Amino acid sequence: MASRFPNGPRPQAFQPPQGELALLAGSANPQLARKIADCLGVPLTPCEAHYFSEGNVFVRVLENVRGRDCYVIQGTHQPVNDNFMELLFWIDALKRASAQQVTAVIPFFSYAKGDKKDEPRVSIRARVCADALEAAGADRCLMMDLHSPQIQGFFQVPVDHLYARYVLCDHIRDMGIKNLVVCSPDVGFAKGASAYANYLGVPVVIGNKTRRDHSEQAEVLEVIGHVEGKNVLIVDDFTISGGTLISMAQVLRSRGANDIYAAVSHGVLASGVASRIAASEIKKLFITDTIEPHVDELPENIEVVSVARLFAEAIQSVHDRTSISQLFPDRELG
């Protein structure tokens with residue numbers, strides 16, 4: 001994907017249509033935030049978050065942001081509730097400091113998994129979080145690979161939805177893997193897998209799995225499509241237990257697949273999962289840097305691909321009030 005920053009940061013003579021851009025890093029994604037700032041050619045706005053012994057969090061912006069266009073980068077991965085509350089406090093602090101606009105940049109929105117009422121007497125957690133972000137004062141949100149794109153409809157403020165598949169596919173294409181097939185682990189991600197396959201220009205096959213409870217363990221039952229003698233790329237939006245990827249890889253191997261790769265937008269990776277993936281049939285798992293740090297050290301067959309430039313280009317587009325859809329090379333495909 002061509003960069004919008006071929007010659008470094010934008011000239012100082014450029015006058016943005018909004019207040020001066022301010023980029024803040026919460027405590028959830030400091031490394032990603034620094035990479036985004038480097039791509040934009042701007043410094044991170046000084047700020048601090050302090051956690052007291054009983055768990056209370058205190059945040060403070062250490063620079064004047066009055067009238068500025070502010071972007072706070074704070075994912076909601078583990079510890080999920082601490083990171084989410086910190087994000088709310090950053091938004092409130094910026095609004096009370098008279099920021100012109102506050103955009104919540106959420107690389108991984110954990111509660112996106114709670115997007116429906118599919119059992120009696122349960123909460124639609126993603127909707128509750130959306131209400132909380134708006135109540136705190138967020139003017140818009142910038143997120144990557146929501147579990148369900150329709151979650152954008154939970155918000156009354158604009159939500160810009162980015163897709164990691166472009167960055168992951170570009171990286172995989174550069175590897176020159178021959179005879180490749182994209183595989184969805186289940187019918188629920190079939191549309192996403194088709195988007196990967198269309199962008200790579202390869203066929204797609206679909207897995208069939210069942211999940212009987214909330215144990216985060218899934219059973220892969222069958223593969224719809226031909227994989228014998230093929231190199232296969234399993235794709236999904238996130239993995240926590242690694243069970244779906246590992247089971248899918250085993251089934252693909254039993255169906256005669258050659259090298260098996262996997263690519264997921266968010267490598268949540270609970271404790272012990274990295275070692276299980278290292279011992280699995282997966283030759284290489286590609287994840288992005290939306291989550292940091294990981295619970296365990298990553299083995300050699302897990303590779304992190306940065307999405308910092310994509311976030312930087314999206315932030316610049318929002319700041320300049322230009323179209324974000326230009327960042328989607330296959331947007332004409334729908």
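Data overview
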| quantity | calculated |
| --- | --- |
| Meets criteria (at positive phi and either assigned by TED's automatic domain parsing to the domain that holds residue 138 or of a type in the set (Asp, Glu) (or both)) for residue 67 | yes |
| Selection from the range 235-261 of residues that are in contact with a Phe, Trp or Tyr (Cβ under 7 Å, 6 or more places away or on another chain) and among the hydrophobic types (A, V, I, L, M, F, W, C) | 235 |
| Close pairs from the range 306-326: first modelled with pLDDT under 95, partner among the basic types (Lys, Arg), Cβ under 7 Å, at least 6 apart | 325/331 |
| Any chance residue 48 is touching a Lys or Arg at 6+ places or on another chain (Cβ under 7 Å), under 23 Å from residue 308 (Cα atoms), assigned by TED's automatic domain parsing to the domain that holds residue 145 and not in a loop (DSSP other than H, G, I, E, B) | yes |
| Residues that are of a type in the set (A, V, I, L, M, F, W, C) and either surrounded by fewer than 18 Cβ atoms within 10 Å (Cβ to Cβ) or assigned to a helix (DSSP H, G or I) (or both), drawn from the range 23-40 | 32, 33, 36, 37, 39, 40 |
| In the range 231-256, the residues that are more than 24 Å from residue 272 (Cβ to Cβ) and either surrounded by 22 or more Cβ atoms within 10 Å (Cβ to Cβ) or outside the structural domain of residue 187 (by TED's automatic domain parsing) (or both) | 232, 233 |
| Any hit, the range 142-149, residues being crowded, with 17+ Cβ neighbours inside 10 Å and not hydrophobic (A, V, I, L, M, F, W, C) | yes |
| Index of the failed condition, residue 88 passing every other in (1) among the aliphatic types (A, V, I, L, M); (2) modelled with pLDDT of 95 or more; (3) under 20 Å from residue 312 (Cα atoms) | (3) |
| Filtered residues of the range 44-55 (kept if touching a strand residue (DSSP E or B) at 6+ places or on another chain (Cβ under 9 Å) and either β-branched (Val, Ile, Thr) or loosely packed, with under 12 Cβ neighbours inside 10 Å (or both)) | 45, 46, 48, 50, 52 |
| Meets criteria (at pLDDT 95 or above, outside any helix (DSSP H, G or I) and in contact with a Ser or Thr (Cβ under 8 Å, 6 or more places away or on another chain)) for residue 103 | no |
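Table: residues versus (1) hydrophobic (A, V, I, L, M, F, W, C); (2) over 20 Å from the mean Cα position of the chain (by Cα); (3) in the same structural domain as residue 84 (by TED's automatic domain parsing); (4) under 22 Å from residue 71 (Cα atoms).
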| residue | (1), (2), (3), (4) |
| --- | --- |
| 114 | no, no, yes, no |
| 122 | yes, yes, yes, no |
| 130 | yes, no, yes, yes |
| 133 | yes, no, yes, yes |
| 136 | yes, yes, yes, yes |
| 142 | yes, no, yes, yes |
| 147 | no, no, yes, no |
| 151 | yes, no, yes, yes |
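The values are calculated or read from the model by the stated rules, or taken from the named source; none is laboratory data. Quick caveat: nothing in here was measured; it's all calculated off a predicted structure. In this analysis, Cβ positions are derived from the backbone assuming ideal geometry, glycine residues included, and neighbour counts consider all displayed protein chains.
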